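Readers should treat all values here as calculations from the given coordinates under stated rules, not as data from a laboratory. Just so we're clear, the structure is a prediction, and the values are computed from it rather than from any experiment. Counting neighbours? That spans all protein chains shown, and the Cβs are built from the backbone with ideal geometry, glycine included.
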Amino acid sequence: MDPFPGATVEEIKAQELLDEMKATGIKVYATVPDNWLARLIDLIAADREVVHVPVAREEEAVGVCAGAALAGVRAAMVVQNAGVLNCGGSLATFALAYQVPFLMVVSHRGALGDRFFYHANKPRPTEDLLRSLTIPCDPLPSDFRVQRTIPSAYTMAEVMQRPVALLLTGGAR
């Protein structure tokens, strides 16, 4: 049995994910390059209906999303889990301290299906960090549209006044 039953990036089709995020009202996207998220990021960059802010570090993505949210604009950061591990301080001292809601779409490198040994130590610490910060994190199911996962996650972020993370397994094509 798969201990991490989330959808792979390949299964969800990047365009469907972007369409669902846009339908949820997300207008600002802060992204950090990642192979698994490349197709989604390319689609975001090409979409004239959204604001795409490519950043060099995940801490900057937290700042972009927080700024948008504090201005009343829905936002999402699209990053790899290694970057989430890097930005624990900015999540704790900014997003959580100031009760800022936004969506985190995280490629969950090292989960089942990842072929590279150097990602093996990332999944559990990522989940542990998010949980220790009381940031809800769940795998994105392959039937995320039917389950209304994106709108539900953003509603949770707004109700709880904190980021909410959705974890994606597998590679982007």
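Descriptive notes on the structure:
- For segment 65-110 versus segment 19-53, the gap between their alpha-carbon centres in whole angstrom: 15 Å
- Classification of segment 9-168 by its C-alpha gyration tensor yields a rounded form. The axis ratio a/c (a ≥ b ≥ c) stays under 1.5.
- Fewest-first sequence of Glu20, Glu58, Glu49 by Cβ atoms within 10 Å of each Cβ: Glu49, Glu20, Glu58
- Integer Hz, Karplus 6.51/-1.76/1.60 couplings in order for segment 34-49, x for Gly and Pro: 7, 4, 5, 9, 4, 5, 4, 5, 4, 5, 4, 4, 8, 7, 7, 8
- Ranked Phe144, Phe94, criterion: other C-beta atoms within 10 Å, fewest first: Phe94, Phe144
- Phi-based couplings in Hz for segment 62-68 (Karplus 6.51, -1.76, 1.60; Gly and Pro marked x): 4, x, 4, 5, 5, x, 4
- A straight chain from Glu158 to Lys27 at 0.36 nm per residue would run longer than the Cα-Cα distance by 45.6 nm.
- Each Lys and Arg contributes +1 and each Asp and Glu -1, all at the Cβ; summed about the Cα centre of segment 120-163, the dipole is approximately 60 debye.
- Using a Förster distance of 30 Å, the FRET efficiency for Ala46-Ala92 (Cβ separation, nearest 0.05): 0.35
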